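Inspection log for the structure reproduced underneath, given as structure tokens.
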Amino acid sequence: TVGWGLGTECYRGSTSSSSSGFGLPQDEVIGRELEASGQVGGCTALVAVSLQGKLYVANAGDSRAILVRKDEVRPLSSEFTPETERQRIQQLAFVYPELLAGEFTRLEFPRRLKGDDLGQKVLFRDHHMRGWSYKCVEKSDLKYPLIHGQGRQARLLGTLAVSRGLGDHQLRVLDTNIHLKPFLLSVPQVTVLDVDQLELQEEDVVVMATDGLWDVLSNEQVARLVRRFLPGNREDPHRYCRFWGPGWHQPQHQK
């Protein structure tokens, strides 16, 4: 797996839409086109390309790809969320505290702190820490956390559930002028597989889906569904697409 990640060098000292398209030139083009058309928005991206005996899977966001084989389930991507990229995001806020405009704290706490916690010892994490440590609560710690929540509830600046994607150049925290784009990378993680070495068979498939699937089914559950469906539909030329049609989830209940 080859991962490209950008750290503090991404920030160019401005949060305007013209200078916040970090990472990929294509994302800067998207930003200019959105601004010119008066549109807003963004998306994640998951791409698979088969080229010259290699399979390239690039992911920027919280989608996921897996390779399902007869006796193996191989993850082909990692999700990028505020929780999984906590240290990178906190480091950016450490180097450029102006990105938080004095409204947020970059420190992470197990729970939202209240006034009664002032002077008390609580657990916290900062950008250089993998584990937790203790500190005495100060007034600045009572600000809303840069990253808050766990799992699917984790949010960046109380707004986004992803930490990589395209677009969102104009996205701001509600009722503020704080931009989220400096924290949102467009650079994907790229996984490269040698197809010839894998000796892939006809029923080895790559499943690519958004969090709408992975929030309710695990890799293993999806693999079981695929393995049950494909052998019984060998004559259907559209079986790889038809599997995800209406009723695709029914085999899950047929133990």
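The values are calculated or read from the model by the stated rules, or taken from the named source; none is laboratory data. Every value quoted in this text rests on a predicted model; they were computed, and no experiment measured them. With ideal geometry, Cβ positions are generated from the backbone for all residues, glycine too; neighbour counts draw on all protein chains shown.
Is it the case that Leu200 is at pLDDT below 90 and either part of a loop (DSSP other than H, G, I, E, B) or surrounded by 17 or more Cβ atoms within 10 Å (Cβ to Cβ) (or both)? Don't jump to the end; show me each part of the working.
On the way: at pLDDT below 90: yes; either part of a loop (DSSP other than H, G, I, E, B) or surrounded by 17 or more Cβ atoms within 10 Å (Cβ to Cβ) (or both): yes.
So Leu200 passes the test.
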Study note, to complete from the structure: Pairs returned, first residue in segment 166-192 that is within 22 Å of Pro75 (Cα to Cα), second residue that is outside any loop (DSSP other than H, G, I, E, B) and aromatic (Phe, Trp, Tyr), beta-carbon separation under 9 angstrom, 6 or more apart or interchain, are Val190/Tyr56; Thr191/Tyr56; Val192/Tyr56
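For segment 1-27: of the residues being over 18 Å from the mean Cα position of the chain (by Cα) and either β-branched (Val, Ile, Thr) or at pLDDT 85 or above (or both), which is farthest from Glu98 (Cα to Cα)?
Residues of segment 1-27 over 18 Å from the mean Cα position of the chain (by Cα): 8-9, 11-20, 25-26.
Of the ones still in play, those that are also either β-branched (Val, Ile, Thr) or at pLDDT 85 or above (or both) are 8, 15.
On the way: Thr8: 13, Thr15: 10 Å.
Per the criteria, the residue is Thr8.
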Exercise for review: Would you check if there is a residue in segment 184-195 being more than 25 Å from the chain's Cα centre (by Cα), at pLDDT 85 or above, farther than 30 Å from Val162 by Cβ and in a helix (DSSP H, G or I)?
Suggested key: no
Check your understanding: Within segment 126-143, can one find any residue that is assigned to a strand (DSSP E or B), without any contact (Cβ under 8 Å) to a residue 60 or more places away in the chain and either in the same structural domain as Leu51 (by the TED database) or surrounded by 18 or more Cβ atoms within 10 Å (Cβ to Cβ) (or both)?
Key -> no
